[in-house]
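Below is one structure, written out as structure tokens; comments come after it.
The values are calculated or read from the model by the stated rules, or taken from the named source; none is laboratory data. These numbers were taken from a predicted model, which means no experiment stands behind them. Note that each Cβ is placed from the backbone with ideal geometry, even for glycine, and that neighbours are counted across all protein chains shown. SASA here: full protein model, heavy atoms, side chains in, ligands and nucleic acids out. Shrake-Rupley method; radii C 1.70, N 1.55, O 1.52, S 1.80 Å.
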Amino acid sequence: LDQARYGVNMLAVYGINSFVMHLFHYSLDTAVSQDDWPNTWFYQNPYWKYFKSFADYTRRLSFMGSQGEHVANIAVLYPVEDVWSRGPGKSHQEHAVTSLIDHLQRSHMDCDLVDTDSVAAATPRIGKEDYRVLILPDVRTVSARMYARAAERAKQGLTVVALGAAPRNSSENGAEDPAVLKISAGIRVLKDVDELTSWLRKSVPADITIEGEDAPALRYLHRRAANKDVYFLVNSERRPVSVTVHFAAQGEAEKWNPETGEASPIDPANLSFAPWEAFYIVFGGRTKTAPPARSPRQTEIALNGTWTFQVAPHELDYKWSPDPGETKVSIPVGDFRTVGHPWQRIRFSNGTRRYVSDWDAVWITRYVYKTRPPGQFGGPDLKFAKELDIPFDPASASVKVQAKGAVECLWDGTPISNLNAIPAAKGRHRLEFRVRGEGFLLAQGAIKGKAGEAVAIRTDKTWTADDQQAYEVAPPPPSDSRYPVEVEYRIPVPPGCVLENGKQAFRVTLNKPGDGLNDPPVARCGKAEFQLQDWSNQNLDWYSGRGIYTTTFDAPVGRAVTLDLGELCYTGEVWLNGELAGTLVWPPYRIDISKQLKPGRNTLTVIAANLLANEMRWNRFESGTFSVNSRWWHDGNILRDGDKLRSGLIGPVKLLVTEQ
């Protein structure tokens, strides 16, 4: 929700006032519904219980962005005719427009993109606004009708300037249109954005001036409604910023908080923002009381006492309480191995065929999660290769292969058709496979000598794919599994949990693929002592849900007490002495608990909820393992956003006590 808040903040500051949320899956029981990212906004996500906080925040932004009229001095023409004139594909105009808009925003010069029809219909307003300047961003071709109207407006006070070069052509009359050339001869041409910015600062009255090292992080939007000047200011960076601000508007100022809807007096000259924070500065507001001359002194008290912890997967999804009683959790993953082989982490479903196999190799693919290069999933003649050093004279060499798509094998660049008789010799050789399709490969074999020497052939992440590193993917159910086989299981048990069957580790003989542990074991969960840390350190890396933290402390003496939770991943509830103090859905995770405090000993309960990503990282259908969309959207995004797998109350937790 923190990133979602950032997203709506940035859209709102650019003038968007209506939002449609993406994506609400009613069920997650198909591979298609698991492909997207975020997995879903809907009730399956642990933060759904608190979604109203975000919805209310967005609603306030929508309402405020719909009031009155936008105030901006600068209009930038969207050069659609110029784009059309250059034919299909991206043109440099797209980049000229976006880079210009970004530069103006960073320079705190608000502007609007205006279209051809709006300029052509200027009365003299363009749309609903009175712009002072119209910028043509490196445009060669314009609408003659629009350009003629812009020239008329220039005689009435609108300044028309061209960035880079003035137009020469029209969409109606073609190249070197005399009417266009005549108008262009009379407009100012500024060679680059730096010259344009310098000219704007001298020629256009500043609506706002933001000073300080952090100034480039701020974005703003100015609207005027009901005799009030309303400035929306957004910190676009995930760090605290402090700035000095000079507003063109005058009078008493208030801060309007879109998180709570509250208004309070403020000194508008010196503003501080938490990471990604946004708020309104309103001139002509209700309050006439001057803000405090200085911030009151605060002291910090760390809550370093013992915490208890309890897992609560769904018991509190629709219930508001600090104590769910005994809870249950299904543990979907654990450690598995065939006797004598290394342990591996598996998901308890679909039988054991996927994990019991003759294959020791792994499937590899060219897919690169972080860079997402073009053609990432392969294509015609995608090459997987491995250099092999053979220190003996081979007696035999063979390899078996599975691939998604047609596959061709080459030995030292020469195609070979019989994979059971590879022409190996002593020395260094290159084994290469060319795969058509989505580019997944599984290869396994050996080069053997007369005295029992051997060089193994195993696909793994050390192979290269088109001269890039090849990355592992999970193997599909192999076709040559062998039974019976003896295997071992280890079940990771979270704090305070006891398995209902009492078997945390056991050995079993599998006689067929469907044997073994197919369903997640169930554990009963009570309270356990806990150190504040990421849940992944406590056998809960697979878990999506809630964790309940409880501690006690003596009430401090002060005028007001704020609870600071430090790092919380990612939403939660704060209960004090059995009373709900509030919910927290993004940083800073702070809340005033003065009203709930009582003299003497107090009981604090924090209910932390993480994201659905942790569960979905494991709870995937086999059919989705090799889906292009699944690997792009699901696996790729989760791994690129690995911080979203952090979970729980991490702290440090402290009380901020304002002195009497």
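Applying the criterion of being assigned to a loop (DSSP other than H, G, I, E, B), modelled with pLDDT of 75 or more and within 24 Å of Arg337 (Cβ to Cβ) to the residues of segment 455-474, the residue that is least open to solvent (accessible area, probe 1.4 Å) is Thr459.
Looking only at segment 185-206, filter to residues that are under 36 Å from the mean Cα position of the chain (by Cα) and assigned to a loop (DSSP other than H, G, I, E, B); which one of those is surrounded by the fewest Cβ atoms within 10 Å (Cβ to Cβ)? Among them, the one singled out is Asp192. With respect to (1) open to solvent by 20 Å² or more (accessible area, probe 1.4 Å); (2) in a strand (DSSP E or B); (3) under 17 Å from Met10 (Cα atoms), the lone exception for Thr209 is condition (3).
Table: residues versus (1) at pLDDT below 95; (2) of a type in the set (A, V, I, L, M, F, W, C).
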| position | (1), (2) |
| --- | --- |
| Leu61 | no, yes |
| Met64 | no, yes |
| Asn73 | yes, no |
| Val80 | yes, yes |
| Val83 | yes, yes |
| Pro88 | yes, no |
| Leu104 | yes, yes |
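Being open to solvent by 40 Å² or more (accessible area, probe 1.4 Å) and touching a residue at least 40 places away in the same chain (Cβ under 8 Å) is a property that does not hold for Asn235. For segment 426-438, filtered to residues that are surrounded by 15 or more Cβ atoms within 10 Å (Cβ to Cβ) and out of contact with any helix residue (DSSP H, G or I) (no Cβ under 9 Å at 6 or more places or on another chain), the residue that is modelled with the lowest pLDDT is Gly437.
Conditions tested, residue by residue: (1) at pLDDT 75 or above; (2) under 20 Å from Val498 (Cα atoms); (3) not hydroxyl-bearing (Ser, Thr, Tyr).
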position	(1), (2), (3)
Arg337	yes, no, yes
Asn350	no, no, yes
Ala361	yes, no, yes
Val368	no, no, yes
Thr371	no, no, no
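With respect to (1) at pLDDT 90 or above; (2) crowded, with 21+ Cβ neighbours inside 10 Å, the lone exception for Gln596 is condition (2). Scanning segment 213-233 for residues that are within 16 Å of Ala263 (Cβ to Cβ) and hydrophobic (A, V, I, L, M, F, W, C) yields Ala225, Ala226, Val230, Phe232, Leu233. Restricting Asp541, Asp519, Asp564 to residues that are modelled with pLDDT under 90 and not hydroxyl-bearing (Ser, Thr, Tyr) narrows the list to Asp519. Ser53 meets the conditions (1) open to solvent by 30 Å² or more (accessible area, probe 1.4 Å); (2) under 27 Å from Asp110 (Cα atoms); (3) touching a residue at least 40 places away in the same chain (Cβ under 8 Å) in every case but one. The failed one is (2). Scanning segment 212-232 for residues that are outside any strand (DSSP E or B) and surrounded by 12 or more Cβ atoms within 10 Å (Cβ to Cβ) yields Gly212, Asp214, Ala215, Pro216, Ala217.
Within segment 104-116, the set of residues being open to solvent by 40 Å² or more (accessible area, probe 1.4 Å) and over 25 Å from Ile210 (Cβ atoms) comprises just one member, Asp115. For segment 162-182, a residue qualifies if it is of a type in the set (A, V, I, L, M, F, W, C), within 19 Å of Ala120 (Cβ to Cβ) and buried (at least 20 other Cβ atoms within 10 Å of the Cβ), and the qualifying residues are Ala162, Ala166, Val180. Got at least one residue in segment 315-325 being open to solvent by less than 30 Å² (accessible area, probe 1.4 Å), closer than 30 Å to Pro495 by Cβ, at pLDDT 85 or above and under 31 Å from the mean Cα position of the chain (by Cα)? Yes: segment 315-325 contains one or more residues that are open to solvent by less than 30 Å² (accessible area, probe 1.4 Å), closer than 30 Å to Pro495 by Cβ, at pLDDT 85 or above and under 31 Å from the mean Cα position of the chain (by Cα).
Taken together, the residues in segment 11-41 that are touching a helix residue (DSSP H, G or I) at 6+ places or on another chain (Cβ under 7 Å), open to solvent by 30 Å² or more (accessible area, probe 1.4 Å) and at pLDDT 90 or above amount to 3.
Of the residues Val133, Val71, Val142, Val119, only one is open to solvent by less than 40 Å² (accessible area, probe 1.4 Å) and without any contact (Cβ under 8 Å) to a residue 60 or more places away in the chain; which?
Result of the check over Val133, Val71, Val142, Val119: Val119.
Screening the candidates Asp534, Asp541, Asp554 for the property of being in contact (Cβ under 8 Å) with a residue 24 or more places away in the chain and either of a type in the set (A, V, I, L, M, F, W, C) or touching a Cys at 6+ places or on another chain (Cβ under 8 Å) (or both) yields one hit, Asp534. Selection of segment 257-273 for residues being without any contact (Cβ under 8 Å) to a residue 40 or more places away in the chain and surrounded by 15 or more Cβ atoms within 10 Å (Cβ to Cβ) yields Asn257, Ala263, Pro265, Ile266, Pro268, Leu271. Screening segment 475-584 for strands (runs of 3 or more DSSP E) wholly inside it with 2 or more residues that are open to solvent by 30 Å² or more (accessible area, probe 1.4 Å) returns the ranges 485-490, 505-510, 522-525, 546-554, 579-584.
Residues that are among the hydrophobic types (A, V, I, L, M, F, W, C) and over 12 Å from Ser330 (Cα atoms) within segment 484-522 comprise Val485, Val487, Ala505, Phe506, Val508, Leu510, Leu517, listed in sequence order.
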